[in-house]
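Everything below concerns the one structure shown next.
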Amino acid sequence: MVAATESKPSLGRRALNWVTAPVPYGRIAAFRTLCYLYVVADITLFTNWVYGHAGAPGNLYMPLYISDFLHLPVPTPGLVHTLFWLMVVLAPLAATGIFPRILGTTVFLLFTEWMIIAMSYGKVDHDRFGFLIALAVIPWVGKARQGDPTLSQAGGWALRTTQLAVVSTYFLAALAKLRYAGLEWLTGSTLTRAIMRRGTIASIWMLKIPGLLVVSQFGILLFELVSPVVFMVREKFRLWIVAFFYSFHVVVFLTITIAFVPHLIAMASFLPLEKPIQAIMRARGKDPETIAAKAHPQLAAPKQLDGEAETAPAT
């Protein structure tokens with residue numbers, strides 16, 4: 001008797017499985033803490049000028065399309081100060097994991113309004129996209145304990161959505177260069193102007209080597225266009241590619257002092273953030289499996305996996 005062969009899942013089912021490939025709750029907890037603590041760092045260090053310019057004349061405010069669409073008010077000192085202090089208080093509380101949906105959603109809405117105000121007085125920074133997506137999706141995972149190895153499809157969806165936003169930032173940046181500057185961007189003087197304005201000892205010497213910066217521009221565009229390949233390799237190779245992404249930003253900062261900090265925070269969605277915490281727990285005599293048993297008594301805690309779940313598609 002011939003055994004019946006199982007039919008392959010449909011393309012839609014495979015796509016759904018890929019988007020929701022489960023990850024440990026501990027990874028979500030660590031990523032959530034990192035994101036909410038960065039919110040405080042951002043408003044106090046990187047976009048603190050919004051607070052300092054709370055009393056700027058309203059006629060300097062050039063609202064983004066989303067601000068007009070939502071009929072958001074022109075910023076006033078009262079509004080800006082309220083946003084600031086609410087985030088200073090609520091973001092650290094959200095980082096602890098209590099009331100994850102209520103506090104997480106509130107922090108997302110507050111920080112989004114802060115970003116709308118920040119970007120309505122000049123240029124719009126594209127390094128905020130992935131981070132805003134992360135803040136939008138993390139609350140919907142619900143409770144997640146540090147070090148918990150139990151796998152979560154909702155957590156997998158949240159991290160995959162953030163990863164897609166991170167990689168889209170690179171790919172869409174390449175398309176924007178081609179759309180607005182065309183192929184001339186490759187042979188233009190973009191990097192030359194950047195180094196002349198913001199150059200450091202690590203980059204000034206590049207101006208003296210003919211053609212080097214043009215070659216660099218070809219390399220940047222190629223890197224941005226092929227960045228989606230990070231989803232097409234196995235986990236161990238994916239981490240090496242993500243390490244290259246981080247090294248790229250280190251070079252950018254060292255040469256022209258431009259930091260993409262919120263983007264780098266969002267890119268941590270690729271990393272097994274729960275493993276260092278689990279190692280610390282074990283060093284203190286605590287078993288992550290015990291954490292899982294207490295958090296999910298109705299489930300048998302699965303074995304800790306390296307990277308993503310073994311059942312997750314390779315791509």
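The values are calculated or read from the model by the stated rules, or taken from the named source; none is laboratory data. All values derive from a computational prediction rather than experimental measurement. Because the Cβ atoms are built from the backbone with ideal geometry, glycine has one as well, and the counts that use them run over all protein chains shown.
Data overview
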read-out: Residue match in region 209-227 (condition: at pLDDT 95 or above, in contact with a helix residue (DSSP H, G or I) (Cβ under 9 Å, 6 or more places away or on another chain) and within 24 Å of G156 (Cβ to Cβ)); value: yes
read-out: Top-ranked residue in region 198-212 [being in contact (Cβ under 8 Å) with a residue 24 or more places away in the chain and either under 19 Å from A173 (Cβ atoms) or not polar (S, T, N, Q) (or both); ranked as surrounded by the most Cβ atoms within 10 Å (Cβ to Cβ)]; value: G199
read-out: Residue match in region 51-70 (condition: touching a His at 6+ places or on another chain (Cβ under 9 Å), more than 17 Å from R128 (Cβ to Cβ) and of a type in the set (G, A, S)); value: yes
read-out: Selection within region 21-44 - within 14 Å of L132 (Cα to Cα) and charged (D, E, K, R); value: R32, D42
read-out: Residue check, Y36 crowded, with 19+ Cβ neighbours inside 10 Å, hydroxyl-bearing (S, T, Y) and closer than 28 Å to A165 by Cα; value: yes
read-out: Single match in S168, S120 (criterion: farther than 26 Å from K286 by Cβ and modelled with pLDDT of 95 or more); value: S168
read-out: Region 129-145 - residue that is aromatic (F, W, Y) and surrounded by fewer than 23 Cβ atoms within 10 Å (Cβ to Cβ) and, of those, nearest to Y25 (Cα to Cα); value: W140
read-out: Residue tally, condition more than 19 Å from L222 (Cα to Cα) and in a loop (DSSP other than H, G, I, E, B), over region 233-259; value: 4
read-out: Subset of region 14-37 [small (G, A, S) and either part of a helix (DSSP H, G or I) or within 18 Å of H296 (Cβ to Cβ) (or both)]; value: A15, G26, A29, A30
read-out: First in region 215-239 and closer than 24 Å to S269 by Cβ and in contact (Cβ under 8 Å) with a residue 12 or more places away in the chain, second anywhere and surrounded by 16 or more Cβ atoms within 10 Å (Cβ to Cβ) and among the hydroxyl-bearing types (S, T, Y), Cβ under 8 Å, 6 or more apart; value: F223/Y170; E224/Y170; S227/Y170
